[in-house]
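In what follows, a structure is listed as structure tokens, so that the remarks can point back to it.
The values are calculated or read from the model by the stated rules, or taken from the named source; none is laboratory data. Remember, predicted model here, so these are calculated numbers, not experimental data. In this analysis, Cβ positions are derived from the backbone assuming ideal geometry, glycine residues included, and neighbour counts consider all displayed protein chains.
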Amino acid sequence: MNDTFGDLPFPRTELALAAMRFARDIEDRAIFNHSMRTYLYARFLGEQEGLRPGHDYDDELLFLGCVLHDAGLSDHGNGDQTFELDGADLATRFLIEHGLAPEKAEIVWDAIALHLYSAIAGRKRPEIALVTAGAGFDLGPSGPHTLPAGYADRVHAVFPRLHAAAVLKDAIVGQALGKPHKAPPFTMPGELLRQRTQETWPTWEQLMTLDPTWHDYDGYQPAATS
Amino acid sequence: MNPSLPRRTLLAGLAGAAALTAAPPPASGETGETTASGDLSFPATPIAREAHRLVGDAQEPYLRNHSLRSFLFGRAAAAQAGRRPGRDYDAEVMFLICVLHDMGLTTRADTGQRFELDGADFAARFLEERGITDRRVDTVWDGIALHTSYGLHRSPVFTRRRPPEITIAQDGIGIDLTGGPDALPAGYADRVHAAYPRHGGARALTGAIVAQGLADPRKAPPMTLPGEVLHQRHPELPYVTWESILDAGGWDD
């Protein structure tokens, strides 16, 4: 693949290209393609809200957050935190090493670290909010129907889906099977692991009653209506 | 429960887990810490007093006491690690996070978002209406909105970058739910509980989260703490999986 991508509107700064190549080198192609589409849809969703690249947000920063948002799902990025935090740490290390100002790298860190928390990310600045929005758009539930006619086809011609959603889920679950601490309860990785294994997660009650405990459940009889 | 997973691992980033592994008490000579870790006082600035009165009015005793204990435990755990109010963090801001962090469980703050966000929005408005419009609003908003986002509070990058009030408050909240007295100076938890009894504590808190989710499913989206707690308690209710979300999209993966 060359790095021009037809006339699709990617920023082509030196850093953007370096980050793109980095992601392409370490990620499964389906996840890389999802990440590139994430930027295109983030930009589109921003336009729907009247946000103009370079004017209302830093276009390069938005691209960096999008293209690296799943870096934690690569073998290179597979550390001991949940994948979005591993990815945020890896991305900001890479970007700072390549000369990005630390205060700008912090915005990318937030964009990646918060991308599973759409309600929270959605309240942050566009360089953060649009990463989550673009990634979510590429997976559903809005689907291709809300895009300009033919746009999804053009995007997919350059970045085929390659079963993106299925590959993403398998990557998250695969990491969690190897390192269960990457999938704590009440998180997306934790829930996806539980759905796969059908194991019973510890309930809230169990977590609260293991030692050390404050004994809030000692002798408790649930009310019939709760 | 999966027996291969110790609780510490399961709770990997649960607020408070960091406090359980906090640094040991400082060497002798730092005995000034006993003041901060031993007392039951609260910040007495005008806005702190107003927030204190607010939770007394708006929250049931179990919830009010959880909010107040979270501050006391947070301050005590921070003192154990050598961090002092005024020098290492802003006690007023840390207090505001703790005391307002569960306002989203009250009808006063309910706007149909999950309770962490409703509480964060309520707290931000509370500050702004009282003339605080600087970065402290963002600190309080983040501290409340993110208080159930596991993992973040154990991230070394998050801990280093974010205002210390957030992490200290999370530790206090976590200790009051899953910690236990071992995280605190000997005898301190007993003194706190004598003044601020649990009245059901975590159990009553869960009941409030579940009741909100039953009344308004928007408050319990999947893969969030409220959503998963509701699902555990009421497995008969509709629940979306990864596939069911994606199948609605039409991308045909």
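Out of all the residues in the stretch B:67-78, is one or more over 14 Å from the mean Cα position of the chain (by Cα) and closer than 19 Å to B:GLY131 by Cα?
For the stretch B:67-78, residues over 14 Å from the mean Cα position of the chain (by Cα) and closer than 19 Å to B:GLY131 by Cα: absent.
Just to verify a result, which residue in the stretch A:62-107, among those that are outside any helix (DSSP H, G or I) and among the charged types (D, E, K, R), is nearest to the other protein chains (Cβ to nearest Cβ)?
By that ranking, first place goes to A:ASP80.
Could you list, in sequence order, the residues of the stretch B:150-172 that are under 18 Å from A:LEU114 (Cβ atoms) and in contact (Cβ under 8 Å) with a residue 60 or more places away in the chain? Walk me through how you get there before you give the answer.
Filtering the stretch B:150-172 down to residues under 18 Å from A:LEU114 (Cβ atoms) leaves B:150-163, B:166-167, B:170.
Across the stretch B:150-172, the qualifying residues are B:TYR150, B:GLY151, B:LEU152, B:HIS153, B:ARG154, B:SER155, B:THR159, B:PRO163, B:ILE166, B:THR167, B:GLN170.
Just give me the residues in the stretch A:139-166 being facing chain B (nearest Cβ under 10 Å) and either at pLDDT 90 or above or closer than 19 Å to B:THR224 by Cβ (or both), in sequence order.
Hits for the stretch A:139-166 are A:LEU139, A:GLY140, A:PRO141, A:ALA152, A:HIS156, A:ARG161, A:LEU162, A:HIS163, A:ALA164, A:ALA165, A:ALA166.
Which members of the stretch B:208-253 meet the condition of being among the polar types (S, T, N, Q) and either at the interface with another protein chain (Cβ under 8 Å from one of its Cβ atoms) or closer than 30 Å to A:HIS145 by Cα (or both)?
First, pick out the residues of the stretch B:208-253 that are among the polar types (S, T, N, Q): B:212, B:224, B:232, B:241, B:244.
Matches in the stretch B:208-253: B:THR224, B:GLN232, B:THR241, B:SER244.
Could you list all residues from the stretch A:116-158 that are of a type in the set (Asp, Glu) and surrounded by 21 or more Cβ atoms within 10 Å (Cβ to Cβ)?
The answer is A:GLU127, A:ASP138.
Since A:PHE22 meets every condition but one in (1) surrounded by fewer than 24 Cβ atoms within 10 Å (Cβ to Cβ); (2) more than 17 Å from A:TRP109 (Cβ to Cβ), which condition does it not meet?
(2)
Taking the stretch B:176-208 as the region of interest, how many residues are in a loop (DSSP other than H, G, I, E, B) and either more than 23 Å from B:ALA78 (Cβ to Cβ) or of a type in the set (Ser, Thr, Tyr) (or both)?
First, the residues of the stretch B:176-208 that are in a loop (DSSP other than H, G, I, E, B): B:180, B:184-187, B:196-200.
Within this subset, residues satisfying the condition of being either more than 23 Å from B:ALA78 (Cβ to Cβ) or of a type in the set (Ser, Thr, Tyr) (or both) are B:196-197, B:199-200.
Residues in the stretch B:176-208 being in a loop (DSSP other than H, G, I, E, B) and either more than 23 Å from B:ALA78 (Cβ to Cβ) or of a type in the set (Ser, Thr, Tyr) (or both): 4 in total.
Could you grab the pairs with beta carbons closer than 7 Å, sequence gap of 6+ or different chains, first residue in the stretch A:41-67 and farther than 24 Å from A:PHE22 by Cα, second one in a helix (DSSP H, G or I) and of a type in the set (Phe, Trp, Tyr)?
A:LEU45/A:PHE137
Determine whether B:ASP118 is within 14 Å of chain A (Cβ to nearest Cβ), modelled with pLDDT of 95 or more and within 20 Å of A:PHE186 (Cα to Cα).
So B:ASP118 passes the test.
Would you confirm whether any residue within the stretch A:126-137 is more than 20 Å from A:PHE63 (Cα to Cα) and either aromatic (Phe, Trp, Tyr) or within 12 Å of another protein chain (Cβ to nearest Cβ) (or both)?
Narrowing the stretch A:126-137 to residues more than 20 Å from A:PHE63 (Cα to Cα): none.
No, the conditions are met nowhere in the stretch A:126-137.
Does B:ILE132 satisfy the criteria of being aliphatic (A, V, I, L, M), in contact (Cβ under 8 Å) with a residue 60 or more places away in the chain and either assigned to a helix (DSSP H, G or I) or within 12 Å of chain A (Cβ to nearest Cβ) (or both)?
When the stated conditions are applied, B:ILE132 does not pass them.
List the number of the failed condition for B:MET223; all other conditions in (1) in a helix (DSSP H, G or I); (2) farther than 27 Å from B:GLN80 by Cα hold.
(1)
If you go through the stretch A:167-226 one residue at a time, how many are aliphatic (A, V, I, L, M), under 24 Å from A:PHE32 (Cα atoms) and either more than 7 Å from every other protein chain (Cβ to nearest Cβ) or surrounded by fewer than 17 Cβ atoms within 10 Å (Cβ to Cβ) (or both)?
Residues in the stretch A:167-226 being aliphatic (A, V, I, L, M), under 24 Å from A:PHE32 (Cα atoms) and either more than 7 Å from every other protein chain (Cβ to nearest Cβ) or surrounded by fewer than 17 Cβ atoms within 10 Å (Cβ to Cβ) (or both): 9 in total.
Output yes when any residue across the stretch B:209-219 is part of a loop (DSSP other than H, G, I, E, B), at pLDDT 90 or above and in contact with a Ser or Thr (Cβ under 6 Å, 6 or more places away or on another chain), and no when none is.
No: zero hits.
Being away from chain B (no Cβ under 11 Å) and of a type in the set (Lys, Arg), is that true of even one residue in the stretch A:117-124? Let's see the steps before the verdict.
Residues of the stretch A:117-124 that are away from chain B (no Cβ under 11 Å), as a first pass: none.
Within the stretch A:117-124 (the criterion being away from chain B (no Cβ under 11 Å) and of a type in the set (Lys, Arg)), the answer is no, since none of the residues qualifies.
Inspect the stretch B:183-195 for any residue being at pLDDT below 90 and either in contact with a strand residue (DSSP E or B) (Cβ under 9 Å, 6 or more places away or on another chain) or crowded, with 19+ Cβ neighbours inside 10 Å (or both) and give the result as yes or no.
Yes: one or more hits.
Within the stretch B:158-190, work out how many residues are within 8 Å of chain A (Cβ to nearest Cβ) and closer than 27 Å to B:LEU127 by Cα.
4
Considering the stretch B:148-157 alone, what residues qualify as being facing chain A (nearest Cβ under 8 Å), touching a Ser or Thr at 6+ places or on another chain (Cβ under 8 Å) and in a helix (DSSP H, G or I)?
B:VAL157
Could you tell me whether the stretch A:206-223 includes any residue that is among the acidic types (Asp, Glu), farther than 22 Å from B:PRO226 by Cβ and in contact (Cβ under 8 Å) with a residue 24 or more places away in the chain?
No, every residue in the stretch A:206-223 fails to be among the acidic types (Asp, Glu), farther than 22 Å from B:PRO226 by Cβ and in contact (Cβ under 8 Å) with a residue 24 or more places away in the chain.
Among the residues of the stretch B:92-108, which ones are surrounded by fewer than 24 Cβ atoms within 10 Å (Cβ to Cβ) and part of a helix (DSSP H, G or I)?
Scanning the stretch B:92-108 gives B:GLU92, B:THR107, B:ARG108.
Which condition number in (1) within 14 Å of B:MET223 (Cα to Cα); (2) touching a Pro at 6+ places or on another chain (Cβ under 8 Å) is the one that A:ALA176 fails?
Result: A:ALA176 fails condition (1) only.
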